[in-house]
Amino acid sequence: MRALDVAWKDVSQLVRDWRSAAFLVGAPILFTLLMGVMMGGLGGSSEEDPRLAVGVLNRDGGAAAGGLIALLEKADAVRPVLVDEKDADTLAKQVSDGKLAAAIVIPAGYTAAVFEGNDMPLRFLVDNSSDAGSNAGRAVRGIVFRLQAAVQTAVWSADIAAAQNAFASPCERAAFMETAVQKAVQEWESAPVKLEIRSAASQKPEQSAVPSGFAQSSPGNMVTFALAGLIGAAEIIVWERKSGTLQRLLTTSISRMEILIGHFLAMFLLVFVQVLLLGTFGQLLFGLTYWDAPAAFLIMATAVTVWIAAMGLLIGAIARNAEQIAMFSIVPMLALAGLGGAWMPLEVTGAAFQAVGRLTPTYWAMHGMQNLILRAQGLTGVVLPAAVLFGFAFVFFGIAVWKFQRE
């Protein structure tokens, strides 16, 4: 209970100036709007297909190959880019350069083989080290599974028809199966369960290789301004130490751990409310889908808040004056926001930059939030990012406790 008294004291001090509190919510909304518009959040070209580009080299030309391409064209996350045979040697390079999220080669004789029940594997070219590549790979494999189901349905239908002497020749059976595959593929258009990945602005099915618009600016500013709140929270701890308040508190029955937990709870409450408000504004103003999976969003909001509160606690335990607070708060804020993809998508940076960025908690905060608003992954998309953020929080909190106990 005494820790709650400390937390209430901190919260009262931090929200005493309503302008500071308004800044922590109003400024990120304003910056989200400005940056989102700059990144194409209020329109952009309606001609551009935002889905992940998947190169398709069709060496078969049969019904099964045509069905695969038709399924790719109807997909929400990927779109087929037909590749000529003369460009076959450049496929791997286009994937590695990011011009294509993935590529698939349909071998000659593919349709005949699968119609006869033989296994003829497709050739996949996927860069699983990139988010776009791994997402495209999963989408394409799911589509191939649909095609296999359609082909199997056609085979079973042909077998039943053959048992009734419906075919006068092998050509008739082949024509029957081609028609059956086409109908099965068409049925996926009106499937009872359909996943839609919606963009921030248009709410059309989308999964862009490079996050843009409000889908980039909203979580980016959410994380950046949550980090900015570290300054005010850390100042309280430093002020207590300099003014002698901390020493007076320690002469009472309250323990150092209770003081530390109280400060942590205050930071947690303020940042958590800030994240929830910004997520709500993002949903209402910019059409983002934070609250479409409320449990997943609350888990990510909690993970982000715990990480930032623990980091603020560590800064307050280390800093000795206002200058050090600024240095220990602003420098990490700028570095983490820049490296972790809060200001610009990591997908537009080089491989080395992306490798470093993935080591930061900011990246995992962005990745988890964008799994919700871009990829509609729900709980499955936030488990790993949240776990990583809780891990960072555990380390920061542990160091803060160690430092505070040694004073």
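Picking from residues in the range 357-375 that are outside any helix (DSSP H, G or I) and within 9 Å of the chain's Cα centre (by Cα), the one that is nearest to N221 (Cα to Cα) is L374. Residues that are farther than 11 Å from A301 by Cα and within 19 Å of the chain's Cα centre (by Cα) within the range 255-290 comprise T280, F281, G282, Q283, F286, G287, L288, T289, listed in sequence order. Go through the residues of the range 309-324 one by one and say whether even a single one is part of a helix (DSSP H, G or I), among the β-branched types (V, I, T) and loosely packed, with under 15 Cβ neighbours inside 10 Å. Scanning the range 309-324, I find no residue that is part of a helix (DSSP H, G or I), among the β-branched types (V, I, T) and loosely packed, with under 15 Cβ neighbours inside 10 Å, so the answer is no.
The residue list T360, T349, T380 contains one member that is free of Cβ contacts under 8 Å to residues at least 60 places away in the same chain, closer than 20 Å to G213 by Cβ and in the same structural domain as N221 (by TED's automatic domain parsing), which is T349. Do we find that W291 is at pLDDT 85 or above, in a helix (DSSP H, G or I) and touching a Pro at 6+ places or on another chain (Cβ under 7 Å) in this structure? No: the conditions fail for W291.
When the range 147-197 is filtered for residues that are within 30 Å of Q370 (Cα to Cα) and either touching a helix residue (DSSP H, G or I) at 6+ places or on another chain (Cβ under 8 Å) or modelled with pLDDT of 70 or more (or both), the ones remaining, listed by number, are L147, W188, E189.
The set of residues in the range 280-308 that are farther than 15 Å from F390 by Cβ, free of Cβ contacts under 8 Å to residues at least 60 places away in the same chain and surrounded by 21 or more Cβ atoms within 10 Å (Cβ to Cβ) is empty.
The values are calculated or read from the model by the stated rules, or taken from the named source; none is laboratory data. Because the structure is predicted, anything quoted here is derived from the model rather than measured. A quick note on method: Cβ atoms are made from the backbone with ideal geometry, for glycine too, and the neighbour counts reach across all protein chains shown.
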